[in-house]
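Below: one structure, written as structure tokens.
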Amino acid sequence: MSISSAARRVARLLKATGCKVVFAESCTGGLVSGALTKIPGISNHHCGGVVVYRNETKAAYLNIPAKLLDNPGPVSTEVAKLMAARILAITPEADVALSVTGHLGPHAPAGLDGQIFTAISWHRARRRSPAKLYVRALQCDRHDSRARRQKWVVEQVLCLLGDELEAALK
């Protein structure tokens, strides 16, 4: 699925569920939010988001503890969960939050090249089924360029959000 078709699917599902979304992006640098904002009328369902590319920004904007950013590190399940939970907590109009953090190179630490974590957090009162915090690990192809990796991650994240919204309809 292309980024534009994934974004159109998310927009359609946001409308169908009546949900509003907010983003906390690191390695994608705002591209997930940017893809969605190309859809006319999305302002009814897109609250906004933050780009927290550096550790200092993650700590300052989302109150991610420095200790956690040191170990296990900014590219981890724990940080992805906190990013989603914290952006949702500071955006009261949002029903669902999505975070993404990862190493897209070219100078990623050994063993972490292409590793991505994304999390989705729902407000308890607004989830049609039980409240949920979902984390997914992704791995990019090490041979792709940084730009190709970013596009792939954006597509994957939008597909994941679409799947979550579809499940919320059931």
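Report the residue count in segment 77-125 for those that are of a type in the set (Gly, Ala, Ser) and farther than 23 Å from residue 151 by Cβ.
Of the residues in segment 77-125, 7 are of a type in the set (Gly, Ala, Ser) and farther than 23 Å from residue 151 by Cβ.
Please work out which one of (1) surrounded by 16 or more Cβ atoms within 10 Å (Cβ to Cβ); (2) touching a residue at least 60 places away in the same chain (Cβ under 8 Å) is the condition residue 45 fails and give its number.
(2)
Which residue is modelled with the lowest pLDDT, if the candidates are limited to segment 70-86 and must be small (Gly, Ala, Ser) and more than 11 Å from residue 120 (Cβ to Cβ)? Explain how you work it out, then say what you get.
First, pick out the residues of segment 70-86 that are small (Gly, Ala, Ser): 73, 76, 80, 84-85.
The next check asks that each one be more than 11 Å from residue 120 (Cβ to Cβ); those that pass are 73, 76.
Values: 73: 89, 76: 94.
Out of the qualifying residues, it is 73.
Being without any contact (Cβ under 8 Å) to a residue 60 or more places away in the chain and under 12 Å from the mean Cα position of the chain (by Cα) is the filter here; which residues of segment 1-33 pass it?
Within segment 1-33, 30, 33 qualify.
Looking at 113, 163, can you tell me which residue is modelled with pLDDT under 95 and outside any helix (DSSP H, G or I)?
Among 113, 163, only 113 is modelled with pLDDT under 95 and outside any helix (DSSP H, G or I).
For segment 17-62, give me the residue count where each residue is assigned to a helix (DSSP H, G or I) and not polar (S, T, N, Q).
Final tally of qualifying residues: 12.
Considering segment 141-160 alone, what residues qualify as being assigned to a helix (DSSP H, G or I), more than 12 Å from residue 31 (Cα to Cα) and without any contact (Cβ under 8 Å) to a residue 12 or more places away in the chain?
Matches in segment 141-160: 148 only.
The values are calculated or read from the model by the stated rules, or taken from the named source; none is laboratory data. All figures in this text were calculated on a predicted structure; none of them were measured in a lab. Virtual Cβ from ideal backbone geometry, glycine too; neighbours counted across all protein chains shown.
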